[in-house]
Structure formats: C-alpha cells, structure tokens
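Novice: Supplied in structure tokens, the structure appears directly below.
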C-alpha cells in the first residue's frame with residue numbers, strides 16, 4: 001500500500017514542466033480531496049484522470065490536496081518562483097539587479113506622479129502596468 005499526498009500548487013500544474021507532470025501521474029490512480037475545488041476541474045481539463053476519494057477511502061495512488069491560500073505575499077512568491085524556475089520566463093531569468101534598476105525607477109516615478117496628481121485612474125494604470 002502506497003499513498004502519495006501532493007499539495008496542489010498555487011498556479012496549478014502548469015507550473016511543472018510537461019515531462020514532470022506526466023511522470024508524476026503516469027500509471028497511478030489520482031484522487032482529489034475536494035472535487036468542488038477549481039483544481040479538480042483543472043486536472044480533468046488537462047486530461048488527467050482524477051476521481052473523488054471513495055467513501056471507503058483509498059489504499060494506493062496519489063491524493064491531491066488543494067493548497068490553502070496563504071495571501072498575496074505567498075501568491076507573489078509563487079509567481080516569482082514560476083517565472084524564475086525551470087521552464088519559466090527567459091526574459092525574467094536573464095535579469096539582474098542592475099538591469100532592473102531602470103524599470104524600478106520608471107515604475108516608481110509613475111506611481112509618485114499619480115499620487116501627487118491625486119489621480120486614481122493613473123494610479124490604477126501604474127498598478128496594472130506593473131502586473
């Protein structure tokens with residue numbers, strides 16, 4: 001009997017390289033602890049055969065448990081990990097502290113200008129531009 005418990009990562013399985021996802025789920029029965037959670041639909045949409053945990057429990061397979069939300073800072077860290085990790089964004093991975101200075105100052109000045117002008121629309125634009 002072997003049960004492997006996996007915390008469903010924020011950002012979904014898309015954060016894992018395809019080969020890693022396929023090897024993780026290959027030839028194993030996948031169960032989900034919360035079929036009403038969005039992650040259950042995401043797994044089935046990705047073509048992964050997943051079932052709810054039966055009432056008599058499970059004796060082997062993989063149990064997927066959605067990770068609880070840890071708040072905005074946790075979500076930010078998750079996004080940065082995804083961008084800088086394997087299969088992430090090549091542009092982000094190539095950046096250094098030095099190369100980012102120009103963008104940091106530019107974005108900061110846009111926010112300061114919007115605050116000084118008491119222009120909430122510009123402030124929102126500056127915020128959206130940083131995403």
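Novice: Can you tell which of 79, 115 is at pLDDT 90 or above and either surrounded by 12 or more Cβ atoms within 10 Å (Cβ to Cβ) or part of a strand (DSSP E or B) (or both)?
Specialist: Numbers: 79 fails: at pLDDT 90 or above.
Result of the check over 79, 115: 115.
Novice: To continue, here is another question. For region 82-112, how many residues meet the condition of being surrounded by 11 or more Cβ atoms within 10 Å (Cβ to Cβ) and not in a helix (DSSP H, G or I)?
Specialist: 5
Novice: Moving on. Looking at region 27-42, is at least one residue closer than 22 Å to residue 88 by Cα and at pLDDT 65 or above? Spell out the reasoning first.
Specialist: Of the residues in region 27-42, the ones closer than 22 Å to residue 88 by Cα are 39, 42.
Now drop any that are not at pLDDT 65 or above, which leaves 39, 42.
Yes, some residue in region 27-42 is closer than 22 Å to residue 88 by Cα and at pLDDT 65 or above.
The values are calculated or read from the model by the stated rules, or taken from the named source; none is laboratory data. For clarity, every value in this text was computed on a predicted model and none was experimentally measured. A quick note on method: Cβ atoms are made from the backbone with ideal geometry, for glycine too, and the neighbour counts reach across all protein chains shown.
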